[in-house]
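Read the structure below first, then the notes.
The values are calculated or read from the model by the stated rules, or taken from the named source; none is laboratory data. No experiment lies behind these values; they were computed from the predicted model shown. Here the Cβ positions follow ideal geometry from the backbone for every residue, glycine too, while neighbour counts run over all protein chains shown.
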Amino acid sequence: MIVTVKLYLPGKVLSGKESYPVELFQGATVGDLARSISKQLGNLTIDEKTLFMINQRAVNQDKILCDGDCILVLKPLVGG
């Protein structure tokens, strides 16, 4: 199946892309997607603070993905 990942700051800056397709196996979860993103974008850390949204709803890493889903990946910004 193919899902679309949409990245926002800082992911967009680190990856150089706003969105891109990711091919996953049927029954893959958001956690599987997170591991795939981490491998593809080694400079973007996916951790427990990373927020995933599908259809404008926050989901946890156990959520099973469907072909064609669009997943927003948001990292909280911190600084001082």
Next item on the list: Scan the range 33-70 for residues that are of a type in the set (D, E) and buried (at least 16 other Cβ atoms within 10 Å of the Cβ) and jot them down.
Entry: D69
Notebook entry, point to check: Taking the range 1-19 as the search range and keeping residues that are surrounded by fewer than 14 Cβ atoms within 10 Å (Cβ to Cβ) and modelled with pLDDT of 80 or more, which one is nearest to the chain's Cα centre (by Cα)?
Noted result: T4
Next item on the list: Starting from residues that are part of a helix (DSSP H, G or I) and out of contact with any strand residue (DSSP E or B) (no Cβ under 9 Å at 6 or more places or on another chain), keep the ones in the range 32-80 and report whichever is modelled with the highest pLDDT.
Entry: D32
